[in-house]
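Heads up: the structure comes next, in structure tokens.
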Amino acid sequence: MIRMNEQTPYTLHTLANGLRVVIERMPGVRSAAAGFLVQTGARDEVPELAGVSHFLEHMMFKGTAKRTWGDINIDFDRMGSTYNAFTSEDRTVYYGWVRKADIGKQIELLADMMQSSLPPDEFTTEKNVILEEIAMSKDHLEHVMFDFLQERVFAGHPLAWPVLGYERTLAAMTRDQMWAYFQRRYAPDNMMLIVAGNVKPDEIIQLAETHCGSWKPAGPIPPRIAPPVHRGTDVLQTDRFKQQVVALTFPSIASTDPRIETASAAASILGGENSRFYWNIVQKGLAPRAGAQHLDYTDCGVTILYAACQPDRCEEVLAAIRTEAGRMCDERVSEHEVERVKNKRRTSLAVEAEAPYYRLTQLMDDMEDYGAPRTIEESLADVDAVSANTIRDYLKACPINILGHLTSVGPRNWPKRN
Amino acid sequence: MGEIVHEHLSSGLEYGVTPLPDRHVVSFQLRILAGMAGEPPQTLGLARLVEETLDKGTVSYTAQGLADAFDAIGAGRQSGTGRETMTFTCTVLPEHFERAVELHAELLQRPMFPDNAVAINVQLAKQELVALDDDAHGLVDKLITRQAYGPVAGRHQLGEHETLERITRTDLENFWRTHFCAGRIIAAVAGGIEPRRVADALTRQFDGFGNSRREGREALTIEFNPRTTHHDKSLEQEHIAICWPGVDATHDEFPVQQVTLGILSGGMSGRLFTEVREKRGLVYWVSAWQETPRGSGMVFLGASTTPERCAKTYTTLLHEVDRLAEDITQDELDRAVTGIVANQETRGDATRSRCMELASDLFFFGRPVPIEEKVAKVQAVTIEDIRRYLTLHPRDRLCVITLGPRPLVSPGAPAVKVTGGVVR
């Protein structure tokens, strides 16, 4: 079943085994990007296998029936591909960006990797690499802060544990456990092949049939359950860092919510460039960094307001954050502020439309959030619809002038724990 | 693509344009030939403070008014301070190009350096110095740069606490008066715009802006200081940086250096990734790269690992460099060359990349360099070229930094241990 829309550059096709293929034609460019999106991530793990999705992503580069790990790396580099993979809470992505003539080879290689043999003799060596990655993460203040925030805000839910997992779960993990997870989650009916660039859709579909058509579907996977968003205060005192990071977290909307562009605009007005935080916190000398972020998944979202500051200034920084958050809710934002944010978004959409890799990542978001690709024009229409009124209504539904959850990480035991 | 334009205006400003008529954005970079190397020694950190304060109030705009004016045209902009230059980079829709240039001209030519903004930015720079201490990679970069390049070329953009304390509004204004003029500006533009519009806008905005003499183009002197230094810090990992002199961006051997680094670290089949991570599982991050201040070059290796694996990681890194001269294969060479060439093509689809490419050409070569010319030089590199390069530029004098809980213990690398307060 091929669906081509003459009005858009997209082609959607689903193989008999359930693998969805999404193609965006970009006739003016010289390159093309391809990626497999696997709908699995840290939130799909059981507690004793925390970190398996990410560890598995590493192991997918380690060999197949056709290729050793060395062959995989060499074949990527023979094309001059810009390639990598990443794992998040809700997806795992493998991609390569190549000259347009190499897109067939790129898809073949990625497809072969998706049939990994997870070579047992590579398991321990790669586990050491992951342990190094965890160690590196612990030396990074914002990683420590974010992991701690997720752990406490989403306590009791799989979103609470770090994507990298823990040393103890990694140490106990076996290759058989990983294999079972792999077989269940890396099935064509839980995956998409997404391609953007100067390509011919019928050729891409043929490539998908050839390289992925024999994969066996695994049937429906259990639905995800939205997490609770906890309130309260949590402090992680550590002498490793000299700064203190304070963050307030509030429940918000999911990435699939039609108000998502409004939520993003509100966060930009409050904590983006040329924002209220910039002028009233950073440029007042209170903290060198302060921002607002909308963190969203397909079934939930939160707004995070944060700043990194000298430990002895936590009180005034937190007070300033709360003051600005209160103003956002209590006073209508100006149309002028809204228009500024929208103008920047328009430029970023024009930039995004230029290069296949940028489009690939956006198509992945679109497929997860809307189940279909969206044109730049559709995204622009969403941007145009944002107004001071939509922001007011959104903040009424998802207020940020309530207590929320306070996270504090740094050398100071603040607010004081008993 | 239209023909690349390169001209000098009567004001002294040098500019180039890569016309890409099918693009829907324009990217440009204004490079001021003044950076950290031009700071008086007693006021280190001054150049970045100038960069940070230029847009905090001008003759015609308040700080927020100027930021609002940029946002009104949806400008995506960044600025930065390096050892030799300051850069102001901007991407806009083509219809806003002239306005974006006008606003940049305003902040470059008519800054007011309000006392309050200067005081705030000094205060923020001091806080950022503290923040740097929480960033292991940033800290290692600062330490190796200072040791490898010496006291002038090795400066850090944030300066030092005591030098920041001394900086006044007058210092900022003097630095700006001395270094900001049309003769010290190189503009690079790429995207959906006709070169005539670029010339008109730059002429209109920068005509008569100070000195028109072409200054600030001399090579920077570096003082390489080969030694091994350990900096104690309570961290999970030991962070390693190694460097030695290479060749500069205009040197005949530069394409050979590029390919050599490609073989070492160009992709996951590169030797460092293969030997240090894939085979031995010693690290998550390992890399080789180069820096090329005008007139000199430096080759770097970097890795982060847990302390008990530090010595093994260090010796493996250097062993892979030493082994290069002995057993490079044609396939490795071909992959490295393909990586560099393909990268030009894929990233070239992004207008901003094309602008950066042109900006780099104008700075290093004083002319746009056709992509075909660069590609041909890279494709001409042979195994013999690499062996010759490695003989002429051996890694026999090393600058090594380790940052972490344990000094490096390795034959041939006796460490000078530095504890406490080393980052200030």
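Observations, loosely collected:
- Wholly enclosed helices (runs of 4 or more DSSP H) of region A:1-120 bearing at least 1 residues farther than 30 Å from B:I263 by Cβ, at pLDDT 95 or above and not hydrophobic (A, V, I, L, M, F, W, C): A:52-59
- Filter pass, B:R48 being free of Cβ contacts under 8 Å to residues at least 60 places away in the same chain, within 14 Å of another protein chain (Cβ to nearest Cβ) and closer than 24 Å to B:M356 by Cα: no
- Against the numbered list (1) buried (at least 20 other Cβ atoms within 10 Å of the Cβ); (2) assigned to a helix (DSSP H, G or I); (3) within 14 Å of another protein chain (Cβ to nearest Cβ); (4) touching a residue at least 24 places away in the same chain (Cβ under 8 Å), B:H137 comes up short only at (1).
- Remark: pairs (first residue in region B:21-42, away from chain A (no Cβ under 14 Å) and under 18 Å from B:T81 (Cβ atoms); second residue in a strand (DSSP E or B) and hydroxyl-bearing (S, T, Y); Cβ separation under 7 Å; 6+ apart in sequence or on different chains) = B:Q29/B:T87; B:Q29/B:T89; B:R31/B:T87; B:G35/B:T81; B:M36/B:T81.
- Answer from A:A196, A:A180, A:A155 - the residue that is of a type in the set (A, V, I, L, M, F, W, C), over 21 Å from the mean Cα position of the chain (by Cα) and at pLDDT 95 or above: A:A180
- Filter pass, A:N198 being touching a residue at least 12 places away in the same chain (Cβ under 8 Å) and touching a strand residue (DSSP E or B) at 6+ places or on another chain (Cβ under 9 Å): yes
One line per residue, one yes/no per condition, for (1) part of a loop (DSSP other than H, G, I, E, B); (2) surrounded by fewer than 21 Cβ atoms within 10 Å (Cβ to Cβ); (3) of a type in the set (A, V, I, L, M, F, W, C):
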{"site": "A:A226", "(1), (2), (3)": "yes, yes, yes"}
{"site": "A:L236", "(1), (2), (3)": "no, yes, yes"}
{"site": "A:V246", "(1), (2), (3)": "no, no, yes"}
{"site": "A:P258", "(1), (2), (3)": "yes, yes, no"}
{"site": "A:T262", "(1), (2), (3)": "no, no, no"}
{"site": "A:A265", "(1), (2), (3)": "no, no, yes"}
{"site": "A:N274", "(1), (2), (3)": "yes, yes, no"}
{"site": "A:Y278", "(1), (2), (3)": "no, yes, no"}
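- Those helices (runs of 4 or more DSSP H) lying entirely in region A:349-408 with at least 2 residues crowded, with 20+ Cβ neighbours inside 10 Å and among the hydrophobic types (A, V, I, L, M, F, W, C): A:356-370, A:388-397
- B:G76 vs. criteria under 22 Å from A:E335 (Cα atoms), within 13 Å of chain A (Cβ to nearest Cβ), within 21 Å of the chain's Cα centre (by Cα) and modelled with pLDDT of 95 or more: yes
- Looking only at residues of region A:349-383 that are in contact with a Ser or Thr (Cβ under 9 Å, 6 or more places away or on another chain) and at the interface with chain B (Cβ under 8 Å from one of its Cβ atoms), we find that the one that is farthest from A:L270 (Cα to Cα) is A:P356.
- The residues on offer are B:E238, B:E253, and the sole one that is in contact with a Cys (Cβ under 6 Å, 6 or more places away or on another chain), at pLDDT 95 or above and charged (D, E, K, R) is B:E238.
- Criterion violated by A:E337 - all others in (1) crowded, with 20+ Cβ neighbours inside 10 Å; (2) at the interface with chain B (Cβ under 7 Å from one of its Cβ atoms); (3) among the charged types (D, E, K, R) satisfied: (2)
- Selection within region A:282-298 - at positive phi and part of a helix (DSSP H, G or I): none
- Only one of B:P394, B:P368 that is part of a loop (DSSP other than H, G, I, E, B) and out of contact with any strand residue (DSSP E or B) (no Cβ under 7 Å at 6 or more places or on another chain): B:P394
- Taking (1) buried (at least 19 other Cβ atoms within 10 Å of the Cβ); (2) within 14 Å of chain B (Cβ to nearest Cβ); (3) under 22 Å from A:S137 (Cα atoms) in turn, A:N84 satisfies each apart from (1).
- Within region B:163-181, the set of residues being touching a residue at least 60 places away in the same chain (Cβ under 8 Å) and either surrounded by fewer than 24 Cβ atoms within 10 Å (Cβ to Cβ) or over 30 Å from B:E98 (Cβ atoms) (or both) comprises B:T163, B:L164, B:R166, B:I167, B:D171, B:E173, B:F175, B:W176, B:T178, B:H179, B:F180.
- All positions within region A:152-181 that are of a type outside the set (A, V, I, L, M), farther than 18 Å from A:N128 by Cβ and free of Cβ contacts under 8 Å to residues at least 12 places away in the same chain: A:D176
To keep it simple, each residue is scored yes or no on (1) over 30 Å from A:L131 (Cα atoms); (2) of a type in the set (D, E, K, R).
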{"site": "B:D252", "(1), (2)": "yes, yes"}
{"site": "B:Q258", "(1), (2)": "yes, no"}
{"site": "B:G270", "(1), (2)": "no, no"}
{"site": "B:L282", "(1), (2)": "no, no"}
{"site": "B:V286", "(1), (2)": "no, no"}
{"site": "B:T292", "(1), (2)": "yes, no"}
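- Test: residue in region A:317-330 that is more than 19 Å from the chain's Cα centre (by Cα), closer than 19 Å to A:D257 by Cβ, at the interface with another protein chain (Cβ under 10 Å from one of its Cβ atoms) and surrounded by 20 or more Cβ atoms within 10 Å (Cβ to Cβ): no
- Residue selected from region B:78-94 under the condition small (G, A, S) and either within 21 Å of A:G272 (Cα to Cα) or touching a Leu at 6+ places or on another chain (Cβ under 7 Å) (or both), by the criterion surrounded by the fewest Cβ atoms within 10 Å (Cβ to Cβ): B:G80
- Selection of region A:124-161 for residues being outside any helix (DSSP H, G or I) and away from every other protein chain (no Cβ under 14 Å) yields A:F154, A:A155, A:G156, A:H157, A:W161.
- In region B:61-91, the residues that are outside any strand (DSSP E or B) and touching a strand residue (DSSP E or B) at 6+ places or on another chain (Cβ under 8 Å): B:L66, B:F70, B:I73, B:G74, B:A75, B:T85
- Taking the conditions (1) surrounded by 22 or more Cβ atoms within 10 Å (Cβ to Cβ); (2) away from chain A (no Cβ under 14 Å); (3) touching a residue at least 40 places away in the same chain (Cβ under 8 Å); (4) not small (G, A, S) in turn, B:R110 satisfies each one other than (1).
- Unmet criterion (only one of (1) touching a Pro at 6+ places or on another chain (Cβ under 7 Å); (2) crowded, with 20+ Cβ neighbours inside 10 Å) for A:N17: (2)
The values are calculated or read from the model by the stated rules, or taken from the named source; none is laboratory data. Quantities reported herein were computed from a predicted structural model and do not represent experimental measurements. Please note: Cβ atoms are built from the backbone with ideal geometry, for glycine as well, and neighbour counts cover all protein chains shown.
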